[in-house]
Amino acid sequence: MGAAMTGLRPVAEIMFSDFFAVCWDLIANEIAKSRYMSDGQVSFPLVIRTANGAGVRFGAQHSQSVENWAMAVPGLKVVAPSNPHDVIGLLASAIRDPDPVLFFEQKSLYATKGEVADTEIVEPLGKAKVLTEGSDATILALAAMVPRALAAASRLSAEHGIGCSVVDVRSLVPLDTRTILAEVAKTGRLFTVEENPRLCGWGAEIVSIVAEEAFGSLQGVVRITTPHVPLPAADALEDHVLPSVERITETVRKTLEDA
């Protein structure tokens, strides 16, 4: 804490995001509030990187997606990249930011490889990225759910003639409501795909915003989530509770066919 308050830009690392539960008082009651309680005299340019999410069979205490915890605390910025380019670009912006940023790295994506330009890469916080354009449905996804949403969109197009816009949310706080609302207005149908437990997940918050701001163009919303249970370690059980390409595909297909 002292380093950030005296002009340095430290990047701390928490091995598993589940362990935020052990140091939450420091994050939620000290780090998040210093700038506000000092009337802006003390900034807190701290980044905390952490391995988040499931998919690698680490069990209930090492597999949680806890970005919704962070969203609930005013003063924290919350970022979750889905690809190598964004890891570099969003981390660069997080380090440059004057406020504390929690940087969630989905642990099952660590082995992901991709082409990254050999130039300075800075991706702005609070800017979602539209990855595919379609006229039938909008799918919002984060981190490891982004490649799954893309695979589902590809399958929906090839096998069912359903065109989906896939949006990588990337930043939950600040949230790019402008892009999200614009994409939903085009299709009228919103699907959110998240690892979080269904209760109080980020999908519910975005659905609430869309219902409030774009109700006239909204034909339907569906949240695709994990159930409200501690994550199992057994391979088949963990795979069953996480949103899969198959579940995303079938949920979108069935919803549109039943409409």
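The values are calculated or read from the model by the stated rules, or taken from the named source; none is laboratory data. Here the structure is a predicted model, which is why all the values come from computation and not from measurement. Cβ coordinates were reconstructed from backbone atoms using ideal geometry, including for glycine residues, and neighbour counts include every protein chain displayed. Ligands, DNA and RNA are excluded from the accessible area calculation, which covers all protein heavy atoms including side chains. Shrake-Rupley method; radii C 1.70, N 1.55, O 1.52, S 1.80 Å.
Things to note:
- Count Lys and Arg as plus one, Asp and Glu as minus one, and take only other residues whose Cβ is under 12 Å from that of CYS200; the net charge is then -1.
- The alpha carbon gyration tensor of the chain gives principal lengths a ≥ b ≥ c with a/c of 1.5 or higher and a/b greater than b/c, which makes the shape prolate.
- Gyration tensor verdict on region 1-119 (Cα atoms; rounded if a/c is under 1.5, prolate if a/b is larger than b/c, oblate otherwise): oblate
- DSSP-defined beta bridges in the chain - what % are antiparallel, rounded to 5: 15 percent
- Couplings 3J(HN,Hα) of region 199-216, computed from phi: 6, 6, x, 5, x, 5, 5, 5, 4, 5, 5, 5, 5, 6, 9, 9, 4, x Hz, in residue order, whole Hz [Karplus 6.51 cos²θ - 1.76 cosθ + 1.60, θ = phi - 60°; x for Gly and Pro].
- Over region 203-254, the ratio between the Cα radius of gyration and 2.2 N^0.38 Å evaluates to 1.44.
- One quarter of the surface of the convex hull around the alpha-carbon atoms of region 173-233 equals 4.6 nm², the direction-averaged projected area.
- In region 116-259, the convex hull through the Cα atoms has an average projected area of 9.9 nm², a quarter of its surface area.
- Non-local lysine pairs in the chain, meaning eight or more places apart or on different chains, with alpha-carbon distances under 27 Å, amount to 14.
- Across ALA185, ALA60, ALA128, mean-square fluctuation computed from a Gaussian network of the chain (C-alpha pairs under 10 Å connected) peaks at ALA60.
- Compared with the dominant Cα axis of the chain, that is its longest principal axis, helix 84-96 is turned about 40°.
- Where labels lie 7 Å past Cα in the beta-carbon direction, separation of ALA111 and ASP239 in nm: 1.4 nm
- For the chain, the solvent-accessible area of protein heavy atoms averages 46 Å² per residue (probe radius 1.4 Å; ligands and nucleic acids excluded).
- Compared with the dominant principal axis of the Cα atoms in the chain, helix 245-258 is inclined by about 50°.
- Per-residue Karplus couplings for region 18-32, computed as 6.51 cos²θ - 1.76 cosθ + 1.60 with θ equal to phi - 60°, are listed in order as 3, 6, 4, 4, 7, 10, 5, 4, 4, 6, 7, 9, 10, 4, 5 Hz, Gly and Pro entered as x.
- Cα centroid separation, region 198-223 to region 1-80 (Å): 26 Å
- Of the solvent-accessible surface of region 1-94, computed with a 1.4 Å probe over protein heavy atoms with every protein chain present, carbon and sulfur atoms account for 59 percent.
- Charge sum, other residues only, whose C-beta stays under 11 Å from LYS127's C-beta, Lys/Arg counted +1 and Asp/Glu -1: -1
- Candidates ARG247, ARG223, ARG148, ranked by Gaussian network fluctuation over the chain, Cα under 10 Å, top entry: ARG247
- Only helical runs count toward this figure. For the chain, summing -39,500 (n - 2.57) over DSSP H runs of n ≥ 4 and dividing by all residues gives -10000 deg cm²/dmol at 222 nm.
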